[in-house]
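Below is one structure, written out as structure tokens, with a few remarks after it.
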Amino acid sequence: MDRFLLFAGLFLTTLQAIAQRDTLITISASGGLQFDQKRLVLKPNTRLRLVFQNKDDMAHNLVITRPNSRLRVVEFALALGAKGPTQHHVPMMDDVLAHTSSVEPGGKDSLTVTLTEGAFPFVCTYPGHGSIMYGIIYATNTPKLLPSPETDRNIPNPERTTEAAHHHTAESGHPYPLQLPAVYRTFMPDCGPAAIAVGLPAPTGGESYVFDAGQCRLRYAWSGGFVDNTEQWDGKGQRFTKVVGEIYFRDTGGFPWKVGANQPDAPQFKGYRLINRYPEFRYVVNGVEIRELIKPLPTGRGLIRTFTIAPTKQSVTFLATAQPGIRFKPSVGRLQHGEVKLPVGTRQFTMTVSTQ
Amino acid sequence: MFAAFLLSTLLSFSTPSDTITDYYDVETIATPPGLVAETGGLTFLPDGRLAACFHRGEIMLYNPKTKTWKLFAEGLHDPLGILAVSNQELLVMQRPELTRITDTNGDGVADRYETVTDHFGMSGNYHEFAFGPVRDAKGNIYISLNTASNGAGIRDEVRGKYDPLGRQGRMYACVPYRGWVMQITPDGTVKPFASGFRSPNGIGFDAKGRLFVTDNQGDWLGTSKLYHVEEGKFYGHPASLVWRDGFPDIDPLTLPVHTLDSMRTVESVAFPHELIAHSPTQLVTDNTGGKFGPFAGQMFVGEMDFSRLIRILPDEVDGQIQGACIPFYDHAGGKNPLRIGNNRLAFSPDGSLWLGQADHGWLGDRGIQRIRYKGGVPLDILSMKLTPTGFDVTFTQPLDESAARDLANYQCRSYYYEYHQAYGSPQKDVRSVSVSDVTLSTDRKTVSLTLNDLKINRIYELKLGNLLANNGRQKLANHAVFYTLNRLVK
């Protein structure tokens, strides 16, 4: 029985090797001068219909070349110069086996090619793209013999190129070590787009928070680290900076101040100054300037928020939404029904936020 | 990069002596170890130091005399423009705001970050870059705001009012003043100044102090452009219209193209796609009084994808600015080739042109280079002016007569790029334009060409043959020039 199956399997494999197969594969350009798939493995003599979808925001093409001919084709494409655009940047040469036309952002095109055994590069031959935007199609009956993707010289290796480009980059990602307190204006999750991440030195390994410059308020705080900017810094800057550590506090309320009896205007963010590297934020609401300086608790997770309030005859009330596990301790007045009514003339006020 | 190097090597072998590298050279400025030098802005302090801002939020100062770098400020969100106010104070355009950054205690490091304006929206979309600032003679500051891209969405929380009518289309403006140039007056008033921009990565002034903005090929831009920007005008990309005072509550994309076309102000100079630019960047005016060579008073524009800059040859017809563009230092090669990704330009007090390079997730190199003028006068086109019958083309040197008088050395064609919602445009209605006559001025510097077919709203691409100067010792540096004809000379 076993032997019969083995025999049947061999028979089928042999048949398939002779008969032509059809396959349909879609490859996308997805930004950062990359194809989303960089390594395809097919059986030899497969008729490949390849659909190229351009999801990037610039035009690309896709050219399949003879084995070991990618660089040559790329050089000839570049040498087309002013004639390039009318030829879709594809040089007329035997090394080109198949190609799409120029595909504008959002567009697609396809090509059909039958590949014998071998390693066939595919590449975008737009000027400058060919040196990084490429991949390989292996037509082989013995895929196990292929190099692992990590060591495959036929595909661009982001780590390899990154390493070559920035082997001097310090761990901080800057030409200097990261020194806490530190400020990053960046895109943070669960915050408006004008976010300011601040990391403070603390025995916990870092007490950090996000201040929303759009809404002029603390959004959340975490403990045990600061941020990872790797994804935010990569490419065009769409992705979030990541929180490193554990978020222990989220301000679920809104803007924390009521100034005067009237409906408040939207607060205006005015910037910050650095005091021994600690940012002191400044904003104005209903004509009253308020400054906020945040420091870590001497021990344990938590923050001390120090507010400085410009002289005003209006009543000033701090709002704090209660939440389980979080203790608010105002320096003056009492927290009642989520409010601290500041005594008239209060110029400085601290609110300690802790997890005890 | 290897291919570009190979090509430039080939070119340097095939081109006879007398190349632009005889008159200019490129120096690469070493940046500090650990700096990812995606350059967002360059400016020179009054004391001659360079201030540069970078993608990861650093502002660093460079002393060209000692060749040393020093950190001035950090933590900014993708700063893409910088302007020196004094040796202690800078204006910086970062994603969320225009910020005044000051070293108040004189320790050489900034300690005060003041919001000059954040009166514009942010949807969180990556393409909402913010450019500028530049300042005019009256002290008004201008910034330009990129539209968002449907290559990505928006965040759950946005800053500013959200308008779904501005959310349509490939590049969109769902929060205020995306696609606008904003003016901040000396008293701090923030005014939406002009609309209709897509990706206005270049903003600056010409020698007469008039405001110009570059915009990038894409939807509604058949090719990249240089606009002369005036208050209240609309420059063609519709998304920003939703934020115009009094604009009806409609999706601007529902307006017929001919309506939008009639509302817009056209470009002063078009940059034919690929032939001149893929992605034009900052513009600067050569204010060096000749320290940078024979092009004093002209505008230079950066370009992301090619090893070249662009030089503007302005013309004025009926009080309207139009004119031509021509490459500068085009794939010149040489010992130290000009890299690509030339995102930011600044003239140093010594008259050299500093270039800040970036890729920003697209094509481009990183780092800082500068182009220095070495002396001599290359044979190049100095100006191109429309006449009632053709063009007067003036050169930097008297031309050798026989080649200059040979009609075969002047080939011309004309075409236009379509104004439509689709991304880019092919060259449309390409016509060969015959040059029927050429005359040479008595100083032999100007050729007057007679063209048989001059029509408005077209680009005239003039190709020049092997014109020579100084008895063949000097060869023409650039052989193609592109004139945008919006108005005829009556």
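Computed quantities for the displayed model
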read-out: Region B:85-98, subset in a loop (DSSP other than H, G, I, E, B) and within 12 Å of chain A (Cβ to nearest Cβ), residue nearest to B:CYS53 (Cα to Cα); value: B:ARG95
read-out: Qualifying residue in region A:235-247 (condition: facing chain B (nearest Cβ under 9 Å), within 28 Å of the chain's Cα centre (by Cα) and modelled with pLDDT under 90); value: yes
read-out: Residue within region B:402-413 that is part of a loop (DSSP other than H, G, I, E, B), touching a residue at least 60 places away in the same chain (Cβ under 8 Å) and of a type outside the set (D, E, K, R) present; value: no
read-out: Positions within region B:110-152 being aliphatic (A, V, I, L, M), buried (at least 24 other Cβ atoms within 10 Å of the Cβ) and at the interface with chain A (Cβ under 7 Å from one of its Cβ atoms), in sequence order; value: B:MET122
read-out: The one condition in (1) within 25 Å of A:ASP22 (Cα to Cα); (2) buried (at least 20 other Cβ atoms within 10 Å of the Cβ); (3) within 14 Å of chain B (Cβ to nearest Cβ) that A:LYS108 fails to fulfil; value: (2)
read-out: Residue check for B:ASP219: assigned by TED's automatic domain parsing to the domain that holds B:VAL175 and touching a Lys or Arg at 6+ places or on another chain (Cβ under 9 Å); value: yes
read-out: Among residues of region A:218-271, those that are of a type in the set (Ser, Thr, Tyr), in contact with an Asp or Glu (Cβ under 9 Å, 6 or more places away or on another chain) and assigned to a loop (DSSP other than H, G, I, E, B), counted; value: 1
read-out: Which listed residue, of A:HIS60, A:HIS89, is in contact (Cβ under 8 Å) with a residue 40 or more places away in the chain and either surrounded by fewer than 18 Cβ atoms within 10 Å (Cβ to Cβ) or under 30 Å from B:SER199 (Cα atoms) (or both); value: A:HIS60
read-out: Subset tally (residues that are part of a loop (DSSP other than H, G, I, E, B) and under 17 Å from the mean Cα position of the chain (by Cα)) for region B:339-359; value: 5
read-out: Some residue of region B:425-439 being in contact with a helix residue (DSSP H, G or I) (Cβ under 9 Å, 6 or more places away or on another chain), within 21 Å of B:ASP18 (Cα to Cα) and aliphatic (A, V, I, L, M); value: no
read-out: Odd one out for B:TYR162, checked against (1) in contact with a strand residue (DSSP E or B) (Cβ under 9 Å, 6 or more places away or on another chain); (2) assigned to a loop (DSSP other than H, G, I, E, B); value: (1)
read-out: Selection count, region B:138-176, where residues are without any contact (Cβ under 8 Å) to a residue 24 or more places away in the chain and farther than 23 Å from B:ASN216 by Cβ; value: 2
read-out: Restricting region B:447-490 to residues that are over 16 Å from B:VAL433 (Cα atoms), part of a strand (DSSP E or B) and of a type outside the set (Lys, Arg), the residue that is nearest to the chain's Cα centre (by Cα); value: B:LEU476
read-out: Selection from region A:258-271 of residues that are within 11 Å of A:ILE290 (Cα to Cα) and within 14 Å of chain B (Cβ to nearest Cβ); value: A:PRO267, A:GLN268, A:PHE269, A:LYS270
read-out: Number of positions in region B:177-199 that are buried (at least 23 other Cβ atoms within 10 Å of the Cβ) and not in a strand (DSSP E or B); value: 7
read-out: Tally of residues being surrounded by fewer than 22 Cβ atoms within 10 Å (Cβ to Cβ) and either of a type in the set (Phe, Trp, Tyr) or in contact (Cβ under 8 Å) with a residue 24 or more places away in the chain (or both) across region B:69-94; value: 8
read-out: Within region B:280-332, considering residues that are of a type in the set (Asp, Glu) and in contact with a Pro (Cβ under 7 Å, 6 or more places away or on another chain), the one modelled with the lowest pLDDT; value: B:ASP305
read-out: Residue selected from region A:65-77 under the condition surrounded by fewer than 22 Cβ atoms within 10 Å (Cβ to Cβ) and of a type outside the set (Lys, Arg), by the criterion nearest to A:ASP95 (Cα to Cα); value: A:SER69
read-out: Top-ranked residue in region A:182-205 [being part of a loop (DSSP other than H, G, I, E, B) and surrounded by fewer than 23 Cβ atoms within 10 Å (Cβ to Cβ); ranked as farthest from the other protein chains (Cβ to nearest Cβ)]; value: A:PRO203
read-out: Single match in B:ASN201, B:ASN140 (criterion: under 25 Å from the mean Cα position of the chain (by Cα) and within 18 Å of B:TYR235 (Cα to Cα)); value: B:ASN201
read-out: Residues of region B:47-84 satisfying the condition of being part of a loop (DSSP other than H, G, I, E, B), of a type outside the set (Gly, Ala, Ser) and away from chain A (no Cβ under 14 Å); value: B:ASP47, B:ARG49, B:PRO64, B:LYS65, B:THR66, B:LYS67
read-out: Criterion: surrounded by fewer than 21 Cβ atoms within 10 Å (Cβ to Cβ) and closer than 29 Å to B:ASP359 by Cα - qualifying residue of B:LEU275, B:LEU253; value: B:LEU275
read-out: Leading residue by the ranking (surrounded by the fewest Cβ atoms within 10 Å (Cβ to Cβ)) among those in region B:200-230 that are small (Gly, Ala, Ser) and assigned to a loop (DSSP other than H, G, I, E, B); value: B:GLY209
read-out: Filtered residues of region A:297-356 (kept if closer than 23 Å to A:VAL284 by Cβ, among the polar types (S, T, N, Q) and in a strand (DSSP E or B)); value: A:THR306, A:THR308, A:THR317, A:GLN348, A:THR350
read-out: Positions within region B:47-81 being touching a Cys at 6+ places or on another chain (Cβ under 6 Å) and over 19 Å from B:SER348 (Cα atoms), in sequence order; value: B:PRO79
read-out: For A:ASP234: the one exception among (1) in contact with a Lys or Arg (Cβ under 9 Å, 6 or more places away or on another chain); (2) of a type in the set (Asp, Glu); (3) within 29 Å of B:ALA110 (Cα to Cα); value: (1)
read-out: Selection count where residues are away from every other protein chain (no Cβ under 14 Å), crowded, with 16+ Cβ neighbours inside 10 Å and among the hydroxyl-bearing types (Ser, Thr, Tyr), scope region A:274-302; value: 0
read-out: Cβ-Cβ under 7 Å pairs, at least 6 apart or on other chains, region B:303-314 side facing chain A (nearest Cβ under 9 Å), far side outside any strand (DSSP E or B) and not hydrophobic (A, V, I, L, M, F, W, C); value: B:ASP305/A:PRO127; B:ASP305/A:GLY128; B:ASP305/B:HIS278; B:ASP305/B:SER279; B:PHE306/B:HIS278
read-out: Residue match in region B:202-219 (condition: farther than 18 Å from B:LEU283 by Cβ and either of a type outside the set (A, V, I, L, M) or in contact with a strand residue (DSSP E or B) (Cβ under 7 Å, 6 or more places away or on another chain) (or both)); value: yes
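The values are calculated or read from the model by the stated rules, or taken from the named source; none is laboratory data. Nothing here was measured: the structure is a model prediction, and the numbers come from that model. Backbone-built Cβ (ideal geometry, glycine too); neighbour counts: all protein chains shown.
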